[in-house]
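Step one of this worksheet: look at the structure below.
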Amino acid sequence: MTSLKATLRQAFSQINRNKMMTTASLFSITAILLVLGIFFVVIVNINSMSQDIKRDFDQIQVNLYDSVTAEQSADMMNQINAMQGVADVAYQTRETALENWKEKWGENADLLDRMPTNPLPNAILINLTDIAYAKTIVAAVSKINGIENISYSQDTVDKLLRLTRMIQIVSLVVIIVLVAISITVVSNTIKLTVLAREREIVIMRYIGATNWFIRGPFLLEGIVIGVIAAVISAAAIGFLYYYAVGHLGVDFALLMPTGFVPLPFLIENLFIIFVALGVSIGACGSIISMRRFLGR
Amino acid sequence: MIEYKNVSKKYGKNIGVADINVRIDDGEFVFLVGPSGAGKSTFVKLLLKMIDADKGSIMYNGYDVAKLTPRMVPRHRRSMGIVFQDFSLLPKKTVFENVAFAMEIVQRPYRTIQRQVPQVLELVGISAEANKYPTEISIGEQQRVAIARAIMNNPDVLIADEPTGNLDPDTGWEIMRLLEQVNRRGTTVLMVTHSREIVNAMNKRVVAIKDGRLVRDELGGFYHPEEDDDPSPAQAKTEGALPL
Ligand SMILES: Nc1ncnc2c1ncn2[C@@H]1O[C@H](COP(=O)(O)OP(=O)(O)O)[C@@H](O)[C@H]1O
Ligand SMILES: [Mg+2]
């Protein structure tokens, strides 16, 4: 008990007195976590998108001109229903389409309310018995009058794949650059810390401190810095995400087949990952930086 | 009791100490003298097991220092108090915390520490500086703090490696007086020094080494100038016996 208390006291007085080093380490770890956080956010959203796409994979959506009447559309549906490979046909009003969209967007749905008019068309939804029929059915359906366009998964998948790839490449480049910078900063910080503390470590060994006693406060200091960095970067990412979703929302709406991953889910997971990472980076940094000074 | 038997230590090609045989009994006050590079600090580090001997054995309180496992080393060191010429104190701790640190290491209760540290600071005459940082006090005062920390846990042996090396003669003498006081309480004192005045005035046992070898060991010995080819400025300035 006493030794834990003494260790805690020491850790906090060290943090207090090594403000420069502490600040530098804090910045480095926070920077790394922010980079990883951006990566995480992008990846999570891309994953959620591609999962939604798979779900829609066996469906063809036939978008109708606004001028098409209910009678005409019923006729079209009969025509389509007769085609080989069609499992069933359903009519989807533009209102229903918007409702569905909002549902997918969940808590960000209010962004869609900002649109002045409903941009969605009435549509006929075709479910296929097998995805292999997609091409022939699309070809046949496109000959029918009154059809604005046909979207089926292959299109979306291709479009999305391209977009996804682009986002991944861009974030990868950004991450590589930032990680390289962070690693340089962290290793320099650790080097400085070790140099600044070499004497202290030697003195402690001379007067009979055990290695764990010497490590204790340094370790705890690293862990505390890691946790603080985790809190800062999780909060920053959360704020940025909230802000970005709010701003990108409407423009992105037409590109994204699904809404953004909800904030609470994201932050909860991000925070757990950040704390684990921050603590590991902090603790490892401390232990590694001391290793060569604790001969035995 | 400390006993070196045929102890040798090389650093690569450099000779640290060579074939040292010496025995120091409990309660003794011993000066270890010799020119710089003679191996005095090596002698001390071997005893503290900061380094290991290549040959020979060092017996300390009935055990062989070489046979200590890493886990036993901290306890071994705690049975000794150490004072250096410099880099003795932790720069980011106050005087009080520096001294308290010796007790935290041995996991003494917080209240015991709070009670005993002021007593020891009083003993070495630096109570007024308790809340200052090492950089805010004089070198002489720093050395008192180091001595306070070294005697905090009632060590069997106090080792002082050139504790007066950076001090002016008057301050040096004050430190000597403190060390004598510690010795009178029954603690063995091993003091490495360059100061001819101190050695000559104290009339204690003198062990002299040169080029790693023990060249002289006499009770009530004097400092032989021919054994030192590197007199320090402090020695040159002050001549004659100084009052104790
Ligand atoms: N870490 C080391 N590496 C190499 N040589 C060393 C090391 N420490 C001491 N020496 C050498 O060992 C000899 C004795 O050094 P030392 O014990 O420090 O002498 P003293 O304390 O008497 O001045 C010197 O020649 C010194 O250069
Ligand atoms: Mg020396």
Single condition B:Glu141 does not satisfy, out of (1) of a type outside the set (Gly, Ala, Ser); (2) more than 10 Å from every other protein chain (Cβ to nearest Cβ); (3) over 21 Å from the mean Cα position of the chain (by Cα):
(3)
Every residue in segment B:61-100 that is in contact with a Lys or Arg (Cβ under 7 Å, 6 or more places away or on another chain) and more than 9 Å from every other protein chain (Cβ to nearest Cβ), please.
B:Val65, B:Leu68, B:Thr94, B:Val95, B:Asn98, B:Val99
Top-ranked residue of segment B:27-50 - restricted to ones that are under 14 Å from the mean Cα position of the chain (by Cα) and basic (Lys, Arg), ranked as farthest from ligand 1 (Cβ to nearest atom):
B:Lys45
Restricting to segment A:202-217, and then to whatever is open to solvent by 10 Å² or more (accessible area, probe 1.4 Å), in contact (Cβ under 8 Å) with a residue 24 or more places away in the chain and of a type outside the set (A, V, I, L, M), can you tell me which residue is farthest from the other protein chains (Cβ to nearest Cβ)?
A:Arg215
If B:Thr42 satisfies every condition in (1) at pLDDT 95 or above; (2) farther than 23 Å from B:Leu179 by Cβ; (3) within 16 Å of ligand 2 (Cβ to nearest atom) but one, which is the exception?
(2)
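Considering B:Tyr60, B:Tyr11, B:Tyr4, which residue is among the aromatic types (Phe, Trp, Tyr) and surrounded by fewer than 13 Cβ atoms within 10 Å (Cβ to Cβ)? I'd like the intermediate steps shown before the answer.
On the way: B:Tyr60 fails: surrounded by fewer than 13 Cβ atoms within 10 Å (Cβ to Cβ); B:Tyr4 fails: surrounded by fewer than 13 Cβ atoms within 10 Å (Cβ to Cβ).
Answer to the check: B:Tyr11.
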Looking at (1) within 16 Å of ligand 2 (Cβ to nearest atom); (2) aromatic (Phe, Trp, Tyr); (3) under 17 Å from the mean Cα position of the chain (by Cα), which is the one condition that is false for B:Tyr60?
(1)
Every residue from segment B:40-57 that is at negative phi, open to solvent by less than 70 Å² (accessible area, probe 1.4 Å) and more than 14 Å from chain A (Cβ to nearest Cβ):
B:Lys40, B:Thr42, B:Phe43, B:Ala53, B:Ser57
Given the structure, is B:Ala53 more than 16 Å from ligand 2 (Cβ to nearest atom), in a loop (DSSP other than H, G, I, E, B) and either of a type outside the set (Lys, Arg) or in contact with an Asp or Glu (Cβ under 7 Å, 6 or more places away or on another chain) (or both)?
yes
Confirm whether B:Lys93 is more than 30 Å from B:Gly221 (Cα to Cα) and either within 16 Å of ligand 2 (Cβ to nearest atom) or without any contact (Cβ under 8 Å) to a residue 12 or more places away in the chain (or both).
no
Considering only segment B:188-212, state which residues are within 16 Å of ligand 1 (Cβ to nearest atom), farther than 10 Å from B:Lys40 by Cα and more than 18 Å from the chain's Cα centre (by Cα).
none
Index of the failed condition, A:Arg114 passing every other in (1) in the same structural domain as A:Val231 (by TED's automatic domain parsing); (2) among the basic types (Lys, Arg); (3) at pLDDT 75 or above:
(1)
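Any idea which of B:Val17, B:Val83 is within 16 Å of ligand 2 (Cβ to nearest atom) and at pLDDT below 95?
Numbers: B:Val17 fails: at pLDDT below 95.
The match here is B:Val83.
Here is a yes/no grid of residues against (1) open to solvent by 20 Å² or more (accessible area, probe 1.4 Å); (2) part of a loop (DSSP other than H, G, I, E, B); (3) within 13 Å of ligand 2 (Cβ to nearest atom):
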position: B:Arg23; (1), (2), (3): yes, no, no
position: B:Phe31; (1), (2), (3): no, no, no
position: B:Ala38; (1), (2), (3): no, yes, yes
position: B:His76; (1), (2), (3): no, no, no
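Name every residue in segment B:101-123 that is within 9 Å of chain A (Cβ to nearest Cβ) and aliphatic (A, V, I, L, M), in order of residue number.
The initial filter retains those residues of segment B:101-123 that are within 9 Å of chain A (Cβ to nearest Cβ), namely B:101-102, B:104-110, B:113.
Correct list: B:Ala102, B:Ile105, B:Val106, B:Ile113.
The values are calculated or read from the model by the stated rules, or taken from the named source; none is laboratory data. Predicted model, so just to flag it, every value in this text is computed and none were measured. Counting neighbours? That spans all protein chains shown, and the Cβs are built from the backbone with ideal geometry, glycine included. Just so you know, the surface numbers come from the protein's heavy atoms only, side chains and all, with ligands and any DNA or RNA stripped out. Shrake-Rupley method; radii C 1.70, N 1.55, O 1.52, S 1.80 Å.
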